[in-house]
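The values are calculated or read from the model by the stated rules, or taken from the named source; none is laboratory data. Just so you know, these numbers come straight off a predicted model, no measurement behind them. Positions of Cβ are backbone-derived with ideal geometry, glycine not excepted, and every protein chain shown enters the neighbour counts. Only protein heavy atoms, including side chains, enter the accessible area calculation; ligands, DNA and RNA are left aside. Shrake-Rupley method; radii C 1.70, N 1.55, O 1.52, S 1.80 Å.
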Amino acid sequence: RSQKEAVQFFEPEIQAASYRALHIATALKRAVAKGELRLYYQPIVDPRTGDYEGVEALVRWQSAELGWVSPLDFIDIAENTGDIVAIGHHILREACNQVRRWQLQGRDIRVSVNVSPVQFGAPDFVASVAHCLQEAGLEADRLKLEITERLLLSSSETVRHKCEQLAKMGIRLAMDDFGTGYSSLSYLRDLPFDIVKIDQGFVRHMTRNSRDKALVRGIIDLAHQLGITVIAEGVEEHAQVELLTRFGCDLMQGYYFSKPVPADQLFSEKESSSCS
Ligand code: C2E
Ligand code: CA
Ligand code: CA
Ligand code: CA
């Protein structure tokens, strides 16, 4: 009896959540064709010079029916429906084209693109990346792919083989959200990652929490021992920049430097802020 009541009690909320998921899934099917998905770019900064080493492309969706929908709310739905493969390809293509446009304007930066494990798992993933680069006329070493540890839950020969093919092409591989998964270290052992991104969860409290501070420092040292570049994510405060610089962190990203912005605002913001 009590179980049934519990089910009834939760049902409206569960229903509301699944209706929303259904709405998202349906609207998302047409979002690419309707041009509703746009990329914003967040600078990845060399703290020693203030230069932009690159940018991370972050997808934004303004849906005619649903308004702004966060990627945190639609990426996993798109993964479940499989639409992430087409969406991810669209994002990759757009990011490569944009960086090529910047190159032609004399701005030589790299672009990082987030890759969903489902997209990575598609049989023609490596070929589709090669195609995007070729179509944009972009050199492979301008592209970084950010992969989360979730991918690697299915760590297998195929995953390793794909990573090696991408690395051989000259594409850099970044392990996103480093330290939040279960087997970060074995991935670093087995797969050809060039970059680790320290999750913002560690960076957030590092100036106040000595355990977080020790972990961040340890990750940086470990990565450097392996010849891996370190990017700290979610850097919001000057004190974090100072501490991370002291620990030898190579690159930083976060609101302290800039929020993600549309392509046409990326350099105008930088130039106006450095003039003032
Ligand atoms: P992520 O890859 O870890 O991206 C970093 C997130 O942190 C972004 O949220 C970014 O806007 C936010 N962020 C950047 N600096 C700061 C900061 O200083 N403080 C705080 N609090 N947050 C900061 P966003 O854009 O909402 O994306 C959320 C997640 O959605 C991403 O996490 C990524 O996992 C996924 N995502 C976003 N764009 C794409 C995409 O194009 N493809 C795929 N597959 N996933 C994406
Ligand atoms: Ca990322
Ligand atoms: Ca991340
Ligand atoms: Ca994250």
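Counting only protein chains, not ligands or nucleic acids, how are 135, 146, 94 ordered by accessible area (probe 1.4 Å), most first?
On the way: 135 90, 146 0, 94 65 Å².
Descending accessible area places them as 135, 94, 146.
Over what distance in Å are the Cα centres of segment 57-129 and segment 200-235 separated?
Spelled out, the Cα-based centre of one part sits 27 Å from the other.
Please calculate the 1.4 Å probe accessible area of residue 180, with all protein chains present, and give it to the nearest 10 Å².
80 Å²
Express as a percent, rounded to the nearest 5, the fraction of DSSP beta bridges in the chain (both residues included) that run antiparallel.
Values: 15 of 38 bridges.
Around 40 percent antiparallel, to the nearest 5.
Could you order 168, 213, 29, 162 so the one with the most accessible surface comes first? Probe is 1.4 Å. Mind dumping the intermediate values first?
Working: 168 180, 213 80, 29 120, 162 20 Å².
So the residues, ranked largest to smallest area, are 168, 29, 213, 162.
So how much accessible area does residue 37 have, in Å² to the nearest 10, using a 1.4 Å probe?
20 Å²
Filter the DSSP H helices in the chain by two things, a Kyte-Doolittle mean of at least -0.5 and an axial alpha-carbon span of 30 angstrom or more, and list the hits by number. Numbers along the way, then the final one.
Details: long enough: 2-31 (43 Å, -0.24).
Long hydrophobic helices here: 2-31.
Once the piece of chain linking residue 11 and residue 246 is laid out straight, how much longer is it, given 0.36 nm per residue of separation minus the C-alpha distance between them?
On the way: separation 235, 0.36 × 235 = 84.60 nm, distance 5.18 nm.
The residue 11-residue 246 span can extend by a further 79.4 nm.
Ordering 205, 23 by accessible area with a probe of 1.4 Å, largest first, what comes out? List each step's numbers first, then the result.
Working: 205 85, 23 115 Å².
Of 205, 23, the descending order of accessible area is 23, 205.
With θ set to phi - 60°, apply the Karplus curve 6.51 cos²θ - 1.76 cosθ + 1.60 along segment 47-61 and write out the HN-Hα couplings as whole Hz, x wherever there is a Gly or Pro.
x, 6, 10, x, 6, 7, 6, x, 9, 9, 7, 10, 6, 10, 10
Treating only the Cβ of Lys, Arg, Asp and Glu as charged (+1, +1, -1, -1), what charge dipole size does the chain show about its Cα centre? Round to the nearest 20 debye.
For the chain, the charge dipole is close to 80 debye.
Accessible area of residue 30, 1.4 Å probe, to the nearest 10 Å²?
In the full protein context, residue 30 sits at about 140 Å².
Write down the radius of gyration of segment 51-200 and its Dmax, each obtained from C-alpha positions, in Å.
Cα-based Rg and Dmax for segment 51-200 come out at 15.2, 46 Å.
Size of the dipole of segment 121-183 about the Cα centre, Lys and Arg at +1 and Asp and Glu at -1 on the beta carbon, nothing else charged, in debye to 20? Before the final figure, lay out each step's value.
Details: 7 positive and 10 negative charges, 19 e Å.
Around 100 debye, computed over segment 121-183.
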